[in-house]
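Q: This structure is in structure tokens; I'll ask about it shortly.
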């Protein structure tokens with residue numbers, strides 16, 4: 001699933017305020033580089049040495065597999081009931097609409113309540129939504145509005161579940177292992193994505209979508225058992241913020257004053273709104289361009305998951321999360337989507353989904369860990385709820401529009417438009433970050449020199465050090 005938060009009892013991560021810049025000036029970029037170089041690189045699976053995290057990860061891989069089974073079955077069920085890519089987009093939009101409407105309030109709740117108990121409630125509720133859809137489908141009563149309703153209810157639960165999970169991971173592993181745990185969570189999710197779509201394709205073809213929904217509902221038993229088996233004494237207990245007025249506005253003001261937070265959030269907002277509409281594009285390509293069925297849809301999702309898994313494992317070995325990597329991955333992601341939209345053959349299209357998945361995962365992990373490590377632990381629930389609200393909450397705005405473009409102008413134009421917007425957003429945010437960090441683009445065509453590089457602009461002040469170091 002996703003990522004973590006800070007803990008008062010653990011040593012502070014290496015950023016301002018020993019974490020945030022709330023009270024201390026940011027150290028010089030050279031100090032950051034020296035500190036990063038001094039740290040030994042952790043193993044790819046270092047977070048798994050922690051018992052509580054192992055229990056969490058084991059439960060999540062089971063429920064994630066069920067989640068991917070339901071996603072594939074749900075998309076295919078809606079397409080079967082309506083024959084419309086726009087209807088698939090509406091389903092996706094309804095699932096993420098609560099995040100757009102109430103996402104920030106979910107972060108306030110996550111900051112106020114114990115994360116483990118909160119997750120027991122949310123994971124149980126998510127399992128019940130899967131079982132409800134299974135009963136409707138297996139009894140032959142399901143209609144498209146039922147799917148819409150279940151998607152919306154699942155989205156309501158996710159409003160609280162997401163920031164709670166974001167904040168709980170570092171309570172299990174501590175701040176020194178946040179980057180590794182974020183990457184392993186993504187690897188966990190993408191490993192399930194390799195299995196879930198393939199199993200869903202077989203189930204849909206053999207016995208129908210209902211059994212995929214049933215298995216998803218039952219899969220949530222695993223994370224619930226894992227949470228119950230944890231040792232609370234081994235958790236790095238996060239700070240519980242007391243109830244008070246103005247906490248939502250406080251979180252927004254905190255982000256607004258931090259270029260190293262706001263611009264990564266803006267970038268993932270564009271990518272999430274316009275570049276991550278794969279349920280719409282893949283169903284449209286399979287149905288309209290390649291005239292195939294659910295098995296091919298599952299195959300394409302599996303290929304994308306293979307790339308995402310590779311990206312997650314590479315990220316787990318990476319010692320730092322730099323903003324230049326985020327911007328570069330977003331630019332390549334957009335260019336690859338454009339290339340895939342124009343691919344003349346099925347297999348070229350399918351192969352391009354692998355690096356698209358790798359770049360998409362790199363964007364997610366780099367933005368997620370960069371924002372978390374730059375945020376005060378007491379603010380992390382609210383900041384991460386804003387991050388997830390922008391990343392996931394943009395889908396209700398983008399999915400119906402992208403679905404309409406795909407229906408009206410074809411799958412290729414729909415996919416191309418998403419890639420073009422993602423690439424332009426990467427260029428724009430990269431320029432803003434360079435400006436905020438006091439950097440300029442230097443072009444050097446001499447042999448043996450870097451042809452393109454960002455270098456400090458004359459007169460750039462110390463107030464920009466934080467962004468320069470993060471970049």
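Q: If you average the C-alpha positions of region 206-229 and of region 269-290 separately, how far apart do those two centres end up, in angstrom?
A: Rounded to whole Å, the Cα centres lie 26 Å apart.
Q: Once you place label points 7 Å from the Cα toward the Cβ at residue 351 and residue 427, how far apart are they in nm?
A: Placing both labels 7 Å along Cα→Cβ, they lie 2.8 nm apart.
Q: Also, quick follow-up: Per 0.36 nm of contour for each residue apart, how much would the distance between residue 288 and residue 338 grow if the chain were fully extended, relative to their Cα-Cα spacing? Walk me through the numbers on the way to the answer.
A: On the way: separation 50, 0.36 × 50 = 18.00 nm, distance 1.83 nm.
Value of the extension gain: 16.2 nm.
Q: Let me ask you something else. Where does each of 268, 157, 78 land when they are ranked from fewest to most other beta-carbon atoms within 10 angstrom? Before the final figure, lay out each step's value.
A: Values: 268 28, 157 20, 78 25.
Ordered by Cβ neighbours within 10 Å, fewest first: 157, 78, 268.
Q: Just want the ordering: 337, 234, 171, 250, from fewest to most Cβ atoms lying within 10 Å of their own Cβ.
A: On the way: 337 29, 234 12, 171 25, 250 15.
Final ranking by Cβ density, sparse to dense: 234, 250, 171, 337.
Q: Assign one of three labels to region 348-416, namely rounded, prolate or oblate, based on the Cα gyration tensor with a ≥ b ≥ c the square roots of its eigenvalues; rounded applies when a/c is under 1.5, prolate when it is not and a/b is larger than b/c, and oblate otherwise. Kindly include the intermediate steps, with their values, before the conclusion.
A: Values: a/c = 5.81, a/b = 1.73, b/c = 3.37.
Oblate.
Q: Between region 333-388 and region 94-147, what's the alpha-carbon centroid distance in Å?
A: 24 Å
Q: At what distance in nm do the modelled label points of residue 144 and residue 233 sit from each other, each positioned 7 Å from its Cα along Cα→Cβ?
A: 5.7 nm
Q: Now for a separate question. Sort 373, 228 by Cβ crowding within 10 Å, fewest neighbours at the top. Walk me through the intermediate numbers first.
A: Numbers: 373 22, 228 11.
If I rank by nearby Cβ atoms, fewest first, I get 228, 373.
Q: Could you calculate the contour length gain from residue 266 to residue 205, that is, 0.36 nm times the residue separation minus the distance between their Cα atoms, to one decimal place in nm? Write out the running numbers ahead of the final one.
A: Numbers: separation 61, 0.36 × 61 = 21.96 nm, distance 4.03 nm.
Working it through step by step, the gained length comes to 17.9 nm.
Every number in this text was worked out from the coordinates using simple rules, so none of it is lab data. Computed from a prediction, not measured in an experiment: that's the story for all the values here. Here the Cβ is made from the backbone with ideal geometry for all residues, glycine too, and neighbour counts use every protein chain on show.
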